[in-house]
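Below is one structure, written out as structure tokens; comments come after it.
Please treat every number below as a calculation from the coordinates, not as lab data. As the structure is a computational prediction, the values presented were derived from the model and not from experiment. Note that each Cβ is placed from the backbone with ideal geometry, even for glycine, and that neighbours are counted across all protein chains shown.
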Amino acid sequence: MSAAEAAGATIYPLYVLEDEVAGGRVPGGASKWWLDKSLKSLRSDISQRGGKLICRKGEAKAIIADLVKEVEADAVFWGRRYSQPEIDRDADTKKALKGDGVEVQSFNTTLLTEPWAYKTTSGGYYKVFTPYWRAVRESYEAPDPMQAPERFAGVGIESDEIEDWGLHPVSPDWSTGFDSLWTPGEAGARERLSDFLDGPVRSYEEMRNRPDVEDGTSGLSPHLRHGEISPATIWRAVMGRINRGLKEEGSAWSFLSEVVWREFSYVLLYHNPKMGEANYDKKFDKMPWRSSESDLKRWQDGQTGYPIVDAGMRQLWHTGWMHNRVRMIVASLLTKHLLIHWKDGEDWFWDTLVDADPGSNAAGWQWTAGSGADASPYFRVFNPITQGEKFDESGDYVRKWCPELKDLPKKHLHAPWQAGKDVLKKAGVKLGETYPEPIIDHKDGRQRALDAWETLKEKQD
């Protein structure tokens, strides 16, 4: 766009909401909440540059074609998408526009590199993260940033009102706690990055697994998900600190490895278009999953009886986000202890996470379930008690999100059922009334998972 502006071109900014497109995945409720705020922020930014964000809902191909005719455009540019239905639709749109004599270009705007950029020595894509991370770390250089256009057009062009799209959750509106935590938009993203680099990045390697530490992570994932900041911008900023002699260089590299994990998930998604709905490892097609609406509902509601799990699920509901360590713990309980298909958990996260990402969400769930690329072995069953004791050592995380347990001594906080009657009474806890009994005993849940694993292995013989 900078080149177009330099050439004196008029730039019409357009956003198309493809909300009900055949073959595509409709954004979840939390993502729609973020999109609403993000678009309003973008609308304001463009207005300050004399333009108007044109918003239209429907089929992108038809909408773009109509606008091209309306403003007599001779070129169309957009950011590439990487899930297969979107790839197909964009290719169809590009073909139609070129057929009408319109110049069309798409660009990588959301990833460090294209999903096909790095290949193994055998010529295939990377299926294991560590060598992929090594390859990116050794060779990637962030390009110089492009300057935003000084002027936009669009005033006087017909546009939907963002407010009329109804992007906020209703029945119930569970987004009421989001505003105090998040500032969607480019300005919010840059502020979040600046705050992170001014302090938390130095202790990231140590604190990234601590849900009880408020600024242990960057909080950039929803901004990345919605294109408000590019991973290249993040890489460039972090490398700037490293090159200026950041003492905690290892911690900064640990953070960048997580940025690259997101990249890796898109490599997997691009080469496995069904990854969000089908097992990457096909042997898991024969896994004897359970179906239990009541167990799934208790998990969704944060009523499993395991405090670290319940704290995470309640944090998700109230904030639209969950700490990454806790995501693994809650996913393990669902897919191992409860033996419920990872897709049920992935669907819930898709609806309730503000950073619900088609690549990372699917890859993360399949990693924990054991069915993904470079996955955690299925027989690795997270112990929700010891995980809580280790990563929420202070108990602050559980006390915040499970306030009914706040007066329990730290010794019993992650396993209230192990406390004596007098301890429970003094803390005002009545198991089965004020706080649930465990949905399943840990040893029984672990054994259920191991038995399922043995059954799966037998089916492969």
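Within a 10 angstrom radius of the beta carbon, how do ASP451, ASP392 rank from fewest other beta carbons to most?
Ranked by crowding around the Cβ, least crowded first: ASP451, ASP392.
When ranked by the protection proxy of mean other Cβ atoms within 10 Å per residue, highest first, what sequence do the peptides 416-426, 261-271 form?
261-271, 416-426
Which lysines, if any, have their Cα less than 17 Å from the Cα of LYS406, not counting same-chain residues under 8 positions apart?
LYS421, LYS425, LYS426, LYS430
Region 355-428: which GluC sites (Glu not before Pro) are DSSP loop and have at most 15 other beta-carbon atoms within 10 angstrom?
Those satisfying the criteria are GLU393.
Output the 0 to 90 degree angle, nearest 10, between the alpha-carbon long axis of helix 84-99 and the longest principal axis computed from the alpha carbons of the chain.
Tilt relative to the chain: about 0 degrees.
For the chain, what is the relative contact order in percent, using Cα pairs closer than 8 Å and at least 6 residues apart in sequence?
17 percent
With the cut-off at 1.5 for a/c, could you classify region 2-107 from its C-alpha gyration tensor as rounded, prolate or oblate?
Here region 2-107 falls in the oblate category.
Treating the angle as unsigned and between 0 and 90°, give the value, to the nearest 10°, between the Cα long axis of helix 60-71 and the longest Cα principal axis of the chain.
30 degrees
Name the residues of region 132-159 whose amide N is less than 18 Å from a point 7 angstrom out from the Cα of SER47 along the C-beta direction?
151-159
What GluC sites (Glu not before Pro) in region 406-461 are in a loop by DSSP, with at most 13 other Cβ atoms within 10 Å of the Cβ?
Those that pass, being in a loop and sparsely packed, are GLU433.
Would you work out the charge dipole size for the chain about its Cα centre, treating the Cβ of every Lys and Arg as +1 and the Cβ of every Asp and Glu as -1, and quote it to the nearest 20 debye?
About 1360 debye.
What net charge is computed for the residues neighbouring ARG448, neighbours being all others with C-beta under 12 Å from the C-beta of ARG448, Lys and Arg scored +1, Asp and Glu -1?
In short, -1.
I want to make sure I understand the PRE zone here: with the label point 7 angstrom from the Cα of LYS459 toward its beta carbon, which residues in region 312-344 have backbone N atoms less than 16 Å away?
Only 335-336, 339-344 pass the distance filter.
How would you rank 351-359, 42-50, highest first, on the average number of other Cβ atoms within 10 Å across their residues?
Peptide ranking by packing, descending: 351-359, 42-50.
Tell me the angle of helix 129-139 to the major Cα principal axis of the chain, expressed in degrees between 0 and 90 and rounded to the nearest ten.
Approximately 40 degrees, to the nearest ten.
Add +1 for every Lys or Arg and -1 for every Asp or Glu among the other residues with Cβ under 14 Å from the Cβ of GLU161, and state the total.
That sum, taken over residues with Cβ under 14 Å, equals 0.
Quick one: which of LYS283/LYS336; LYS119/LYS286; LYS61/LYS274 span more than 21 angstrom between C-alpha atoms?
LYS119/LYS286; LYS61/LYS274
What's the ranking of 368-381, 94-107 by average number of surrounding C-beta atoms within 10 Å, highest first?
368-381, 94-107
For region 123-222, which GluC sites (Glu not before Pro) pass both filters: DSSP loop (anything but H, G, I, E, B) and at most 13 other C-beta atoms within 10 Å?
Those satisfying the criteria are GLU141, GLU150, GLU158, GLU161, GLU214.
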